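Below is one structure, written out as structure tokens; the observations come after it.
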Amino acid sequence: MPNLAFLTDPGLRDGLLGRLQRVEARLSEAVKSDYPFVTATSTHLVEAGGKRFRPLMTLLCAAFGDPDREEVLDAATVVELTHLATLYHDDVMDEAPLRRGRQSANSRWDNSVAILTGDFLFSRASDILADLGPEAVRIQARTFERLVTGQIRETVGPADAEDPVAHHLQVLADKTGSLIATSAQFGAMFAGCDPVVIDTLTR
């Protein structure tokens, strides 16, 4: 659970912590499978913890509207599941031995298991998204497109005539910034914020 001691408003801080705990419970439930091995591989990174920055962003932006809506909690769960899925794939591409201080999934099992576990988490995120409506599914699909494009850009590297700094910034915008923006957008959307507020928080 992230440390929110920097927040000086106790009402905001306590509310966020309470909602984060509810999201954490939903994450634990979402990664369960009828096949115990899949449950073991899927809970591997959930149990490793992490900053939970993306669901925190969703919950924080939801505070501009009604942050206690069930849809807000579902959206926060979706963005973290999506992020976790990309980590499984990233570790395969980077051949990383560790993730969040523990053995990476590809190192503990193998690349195929890590990739398929990431796919499983994407499927769980999509299942939750389906109940949030077609607009949420569309936003997630476009975000996923940017995530993949950013990863491909990073893998291929800048073209001969391309500014490497501009290339790197685009990689960051696609691979990292897009999901953070969606996290903010979902929080504001499902909290019932006005379109201007949603747009501002997304940007």
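Observations on the structure shown:
- Any hit, the range 164-178, residues being part of a helix (DSSP H, G or I), modelled with pLDDT of 95 or more and charged (D, E, K, R): yes
- Check on Ile139, more than 18 Å from Leu56 (Cα to Cα) and modelled with pLDDT under 95: no
- Residue match in the range 3-19 (condition: part of a helix (DSSP H, G or I), within 19 Å of Leu129 (Cα to Cα), open to solvent by 30 Å² or more (accessible area, probe 1.4 Å) and not β-branched (Val, Ile, Thr)): yes
- Within the option set Ala114, Ala48, Ala96, Ala63, being under 30 Å from Gly192 (Cα atoms), of a type in the set (Gly, Ala, Ser) and surrounded by 14 or more Cβ atoms within 10 Å (Cβ to Cβ) holds for one residue only, Ala63.
- Filtering Arg13, Arg19, Arg26 for residues that are free of Cβ contacts under 8 Å to residues at least 60 places away in the same chain and in contact with a Pro (Cβ under 7 Å, 6 or more places away or on another chain) leaves a single hit, Arg19.
- Top-ranked residue of the range 148-184 - restricted to ones that are closer than 26 Å to Glu70 by Cβ and in contact (Cβ under 8 Å) with a residue 60 or more places away in the chain, ranked as most open to solvent (accessible area, probe 1.4 Å): Ile180
The values are calculated or read from the model by the stated rules, or taken from the named source; none is laboratory data. Small disclaimer: the values here were computed from a predicted structure and weren't measured. So basically every Cβ, Gly included, is an ideal-geometry build from the backbone, and we count neighbours across all protein chains shown. Just so you know, the surface numbers come from the protein's heavy atoms only, side chains and all, with ligands and any DNA or RNA stripped out. Shrake-Rupley method; radii C 1.70, N 1.55, O 1.52, S 1.80 Å.
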